[in-house]
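**Q** What follows is a structure written as structure tokens; I'll ask about it next.
The values are calculated or read from the model by the stated rules, or taken from the named source; none is laboratory data. Keep in mind the model is a prediction, meaning the values are calculated, not measured. Positions of Cβ are backbone-derived with ideal geometry, glycine not excepted, and every protein chain shown enters the neighbour counts.
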């Protein structure tokens, strides 16, 4: 047992230092939507720890589960800020999405759905959300501002805070190019150090008691079934499915769980903890969970079992006592990480089959609509409806899987009734 722990220690440390920046990023984003920063930090860390522990014990995989960045961004900027949804309503949406994911996993339906979603729409959605993250970062920095005539216009680029953020982005990309595992964390802490030296932020302390979990079980169970929030529930489900598909495929390939036929060994033991983790996230006060691609550094370092994941999760749990330190870090220090993640996600757009107009046009609708409207739901709706329509009118309706037919019909009916009510 000790030999196994010793072998997995370095991979576990590698995973932790790569994912640690997310513990700084999630609370910053949630606090933008009015969620208490301390509560968001505690909820994020506990959700990561419990979900990953479950995955490690049940599946024995070296993967880390944590609240999905794409879902968190959607909850804050689309639901809370744009649609003015109350936080308990958003948590209700996360809860029922988690219930649905769990049931789909138990009855092994989710495993079938995962690989029958149109690949071009899946890639475009990931790329579109990446562009969305970049928009969010620039908006948070004041570099772009909304304009009633031109949608957006250039704000104030030339501030000291933005200069620090630009330095952080350059440093991050340089370190990432050198394949430094903790490049995101180093860039954030470097920006923070500079901000302290220039009196752009204040020191709040190092170690303290964990912040109170004020969002614990603050769920509105009935609100998600109101017609106006059904679209939010569908969107969270789809984002979770897309995130899972992309991450599981990459991590399984790296860890040798992907066989020659493209089947993932042990997928049932992966998706069940994922579904339960999403329920944990809703109860504690954060989003649905996702597999973190960042933990691939631990796999590359030799991580093969759940010990790698448990070491990373335990170190993350220790960070719950670093609330004073983490709360000292300003948004412009984490913005470079948000931009870099967005850039990495946007690279998925190259996977779209651009030479086929029935694939390219729906993908373009998805990728453009999400950042321009700040609505992931509208991106999905435009993509699925146009996908089915173009395949049908071009005489290729047989290429459309029943999953896509069902989703396009659901989006069309919801959009129609939304206009009528």
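**Q** If we keep just the residues of segment 281-305 that are modelled with pLDDT under 90 and more than 21 Å from residue 345 (Cβ to Cβ), which is surrounded by the fewest Cβ atoms within 10 Å (Cβ to Cβ)?
**A** 302
**Q** Here is a follow-up. Which condition from (1) under 13 Å from residue 334 (Cα atoms); (2) in contact with a helix residue (DSSP H, G or I) (Cβ under 7 Å, 6 or more places away or on another chain) is the one that residue 189 breaks?
**A** Status for residue 189: all satisfied but (2).
**Q** While we're on this one: If residue 412 meets every condition in (1) within 20 Å of the chain's Cα centre (by Cα); (2) surrounded by fewer than 18 Cβ atoms within 10 Å (Cβ to Cβ); (3) within 29 Å of residue 83 (Cα to Cα) apart from one, which number is that one?
**A** (1)
**Q** Moving to a separate point now. Would you pick out the residues in segment 346-370 that are surrounded by 24 or more Cβ atoms within 10 Å (Cβ to Cβ) and at pLDDT below 90?
**A** 370
**Q** When you go through 421, 311, 329 one by one, which is the residue that is within 30 Å of residue 23 (Cβ to Cβ) and modelled with pLDDT under 90?
**A** Every option except 329 fails the conditions.
**Q** Within segment 49-89, work out how many residues are over 24 Å from residue 367 (Cα atoms), in a helix (DSSP H, G or I) and either at pLDDT 90 or above or in contact with a strand residue (DSSP E or B) (Cβ under 8 Å, 6 or more places away or on another chain) (or both).
**A** Adding up the residues that qualify gives 13.
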